[in-house]
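One structure is given here, and the rest of the page talks about it.
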Amino acid sequence: MTRPLIGIPTATTLTEHYWARVVYDVVAAYSRAVDRNGGVPMLIPLNLSDEALRTLYDRVDGVLLAGGDDMHPATYGESAQPHCGAPDSLRDATELKIARWALDERKPLLGICRGLQMINVATGGTLYQDVDTEYPDPIQHRIRGANGMPINAPHPIAIDEGSRLAKAIGATTAIVNSGHHQAVKDVGDGLQVIARAADQLVEAVTAVADERYILAVQFHPELMIDDEPRMNGIFRDFVNACSAEAR
């Protein structure tokens, strides 16, 4: 059986290596999780012409929107506050375009961390630009290490029984590896919340209507597939949906 092709948009990195100043890349754990669970990852570069981007999009059977830097608040109609991180405008533009194509054409979508936020914004939702500043009494969703860089803050989530996420991992509770400072505020059109943290922040969404595949989580299952094997179920469920598209 032909393995489905999974498109993963990249991010912009500035570097002094070799002769390049701009590199398009993605964390290796995403492609590894897709490969392990039956898919073939294909990285999608940024700043392409619409024709080139559409050609790549048409060839993939599903889209994985990965984690990364903050979206620019202008994408959901707000001005950037001081606590909002530096945006990646090329990534914002590429992912919004691809996400909206996939939503309109019912191509399977999996979102992880920033990817959940991207899907929410693509469907008309908004975000908290900084949970600690804008959300009342949050639990710890991110810890800063000794070097000032964010590290994971594990915490439990409650998952709706019978939801796509509960079925994928075979559980209605989980300890997740949280590492974000932004989160869903107003939920986008056509999305329903299926998991929350103890402070009621959104941890997962799916499509209201079952006829299209959307699953998006605020945590990082791609980093848990070895220590928490059931997290492979998220990628397996997504790849199976993409396999159906490929047939």
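Before moving on, here are some points about what is shown:
- Number of positions in the stretch 19-43 that are touching a residue at least 40 places away in the same chain (Cβ under 8 Å) and open to solvent by 10 Å² or more (accessible area, probe 1.4 Å): 7
- A single member of L215, L223, L191 is closer than 20 Å to L64 by Cβ and open to solvent by 70 Å² or more (accessible area, probe 1.4 Å), and it is L223.
- Any chance K167 is touching a Leu at 6+ places or on another chain (Cβ under 7 Å) and open to solvent by 50 Å² or more (accessible area, probe 1.4 Å): no
- Leading residue by the ranking (nearest to V34 (Cα to Cα)) among those in the stretch 1-17 that are at pLDDT 90 or above and aliphatic (A, V, I, L, M): I6
- Test: Q182 is buried (at least 20 other Cβ atoms within 10 Å of the Cβ) and not hydrophobic (A, V, I, L, M, F, W, C): yes
- Residue match in the stretch 107-115 (condition: in a helix (DSSP H, G or I) and loosely packed, with under 15 Cβ neighbours inside 10 Å): no
- Condition broken by A195, with the remaining ones in (1) in contact with a helix residue (DSSP H, G or I) (Cβ under 9 Å, 6 or more places away or on another chain); (2) touching a residue at least 40 places away in the same chain (Cβ under 8 Å) satisfied: (2)
- One residue alone among D226, D160, D237, D189 is more than 14 Å from C113 (Cα to Cα), of a type in the set (D, E), in contact with a helix residue (DSSP H, G or I) (Cβ under 6 Å, 6 or more places away or on another chain) and modelled with pLDDT of 95 or more, and that residue is D237.
- Residue match in the stretch 102-109 (condition: touching a residue at least 60 places away in the same chain (Cβ under 8 Å) and under 18 Å from A183 (Cβ atoms)): no
- Checked against the criterion of being of a type outside the set (A, V, I, L, M, F, W, C) and within 15 Å of the chain's Cα centre (by Cα), the candidates G77, G7 yield just one match: G7.
- Residue under evaluation A174, criteria (1) more than 15 Å from the chain's Cα centre (by Cα); (2) under 27 Å from D237 (Cβ atoms); (3) open to solvent by 10 Å² or more (accessible area, probe 1.4 Å), criterion not met: (3)
- Being open to solvent by 80 Å² or more (accessible area, probe 1.4 Å) and either touching a strand residue (DSSP E or B) at 6+ places or on another chain (Cβ under 8 Å) or in contact (Cβ under 8 Å) with a residue 12 or more places away in the chain (or both) holds for only one residue in L46, L53, L14, and it is L14.
- Here L64 does not qualify as within 19 Å of the chain's Cα centre (by Cα), surrounded by 13 or more Cβ atoms within 10 Å (Cβ to Cβ) and part of a loop (DSSP other than H, G, I, E, B).
- Checklist (1) of a type outside the set (V, I, T); (2) farther than 21 Å from T10 by Cα; (3) buried (at least 16 other Cβ atoms within 10 Å of the Cβ); (4) over 16 Å from the mean Cα position of the chain (by Cα) applied to L90, failing item: (2)
The values are calculated or read from the model by the stated rules, or taken from the named source; none is laboratory data. Nothing here was measured: the structure is a model prediction, and the numbers come from that model. All Cβ positions, glycine included, derive from the backbone under ideal geometry; neighbour counts span all protein chains shown. Remember, those area values only see protein heavy atoms, side chains included, never the ligands or the DNA or RNA. Shrake-Rupley method; radii C 1.70, N 1.55, O 1.52, S 1.80 Å.
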